[in-house]
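Reviewing the structure listed below.
The values are calculated or read from the model by the stated rules, or taken from the named source; none is laboratory data. Computed from a prediction, not measured in an experiment: that's the story for all the values here. Reconstructed Cβ throughout: ideal geometry from the backbone, glycine too, with neighbour counts over all protein chains shown.
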Amino acid sequence: MRVPNPPLRVAVIGVGHLGRHHARLLAGIDGATLTAVADTNAERAAAAAAATGARAVADCRDLIGEVDAVTVAVPTEIHCEIAMPFLERGISVLVEKPMTRTLDEARTLIAAARTSGAAFAVGHTERHNPAIGVVMPFVSTPRFIEVHRLGVFPDRSLDIDVIFDLMIHDLDIILALVKSDVTAIEAVGVPVLTDKYDIANARLRFGSGCIANVTASRISRERVRKIRFFQPDAYISIDYAEQEVEGYRLLRRDGERPSIQGGKLPVTREEPLKRELEDFVRAVREQRRPLVSGEDGLRALALAQAIAEKMESV
């Protein structure tokens, strides 16, 4: 695939709640030009175009031949349908999470990207959270992981379970840090306000012996986004929302009593979505693998589906 000279011509497909932020940020990212925004809702497309100086189109297929990359922020059920024509033609794609409706669709997109040489990224934004970047070098042998991702009842994403809406973020993080396969799953979910699971808990056991207890809810009275790692002689805590990290370890010295050392670790705050889009642009230009690739998105989706199936079997 030919890598164009700067700037990279990028378009956003779907400028609803999240896509309009894609457009806002891409309009200011170095090395890229927001060429167009596409949405079947003409009013939304016009508003996003007016705010960014991009061209508005109703049919995303009109962008083929005019762009080098697209980001896809449409409903999950049409991710594959929208992304496929671009990947087949070597046009790089970032698709929002969950990457597709089914595992077969995910594999189809990955295969198309491999064949054409297009970069293919999945929008697991928390992987780009600066706090996660700080923690990555310190989480080496986790034995227990505890996650709470709680949100107030939303007015969107109600077509999917909370597992695919919220929990999948943390599943991606856990899979990136625990270098081991999941060997057992216990899970429970409750449809409280919709006909989908609105609150869910999963207990995951890995071949390494690590256990992760993951809770996600979209019916909480307050927003909580926290993950904690426990490993031999160390404890690390992340507040995703505040982008704060605390780390403590047991310091042992010969002939002395062990002492606890640690506290807050420095984190340079930055918008995770901006970092995600910057990584995608660089990946296309440098012909490298994005931080969260199609294969990463597939792993997170497969685990989310395994958790959902376990709930159905209870």
Please go through the stretch 48-75 and give me each residue that is crowded, with 24+ Cβ neighbours inside 10 Å and free of Cβ contacts under 8 Å to residues at least 40 places away in the same chain, ordered by number.
ALA48
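Can you pull out the residues in the stretch 258-314 that are of a type in the set (Lys, Arg) and more than 22 Å from VAL178 (Cα to Cα)?
LYS264, ARG269, LYS274, ARG275, ARG282, ARG285, ARG288
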(1) at negative phi; (2) in contact (Cβ under 8 Å) with a residue 40 or more places away in the chain: which one isn't true of GLN243, the others all being true?
(1)
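Results for (1) assigned by TED's automatic domain parsing to the domain that holds ARG149; (2) crowded, with 18+ Cβ neighbours inside 10 Å; (3) farther than 22 Å from HIS169 by Cα, shown as yes or no for each residue.
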site: ILE236; (1), (2), (3): yes, yes, no
site: LEU250; (1), (2), (3): yes, no, yes
site: PRO258; (1), (2), (3): yes, no, yes
site: LEU265; (1), (2), (3): yes, no, yes
site: GLU278; (1), (2), (3): no, yes, no
site: LEU298; (1), (2), (3): no, yes, no
site: ALA308; (1), (2), (3): yes, yes, no
If you scan the stretch 180-204, which residues turn out to be free of Cβ contacts under 8 Å to residues at least 60 places away in the same chain, surrounded by fewer than 18 Cβ atoms within 10 Å (Cβ to Cβ) and under 17 Å from LEU301 (Cα atoms)?
SER180, ASP181, THR183, ALA184, ARG203
Restricted to the stretch 113-152, and to residues that are out of contact with any strand residue (DSSP E or B) (no Cβ under 8 Å at 6 or more places or on another chain) and either of a type in the set (Lys, Arg) or free of Cβ contacts under 8 Å to residues at least 40 places away in the same chain (or both), which residue is surrounded by the most Cβ atoms within 10 Å (Cβ to Cβ)?
ARG127
Report, by residue number, each residue of the stretch 261-314 that is closer than 23 Å to PHE138 by Cβ and small (Gly, Ala, Ser).
GLY262, GLY263, ALA300
Being crowded, with 24+ Cβ neighbours inside 10 Å and either over 27 Å from ALA27 (Cβ atoms) or free of Cβ contacts under 8 Å to residues at least 24 places away in the same chain (or both) is the filter here, so list the residues in the stretch 76-112 that pass it.
THR100, ALA106
When the residues of the stretch 190-199 are narrowed to those that are under 23 Å from the mean Cα position of the chain (by Cα) and in a loop (DSSP other than H, G, I, E, B), which ends up farthest from SER217 (Cα to Cα)?
LYS196
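Rundown of residues vs (1) under 27 Å from LEU18 (Cα atoms); (2) more than 15 Å from the chain's Cα centre (by Cα), yes/no style:
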site: ASP161; (1), (2): yes, yes
site: ILE168; (1), (2): yes, no
site: LEU171; (1), (2): yes, no
site: ALA176; (1), (2): yes, no
site: VAL188; (1), (2): no, yes
site: ARG203; (1), (2): no, yes
site: CYS210; (1), (2): no, yes
site: THR215; (1), (2): yes, yes
site: ARG218; (1), (2): yes, yes
Give the residues of the stretch 280-292 that are surrounded by 18 or more Cβ atoms within 10 Å (Cβ to Cβ) and either assigned to a helix (DSSP H, G or I) or of a type in the set (S, T, N, Q) (or both), sorted by residue number.
PHE280, VAL281, ARG282, ALA283, VAL284, ARG285
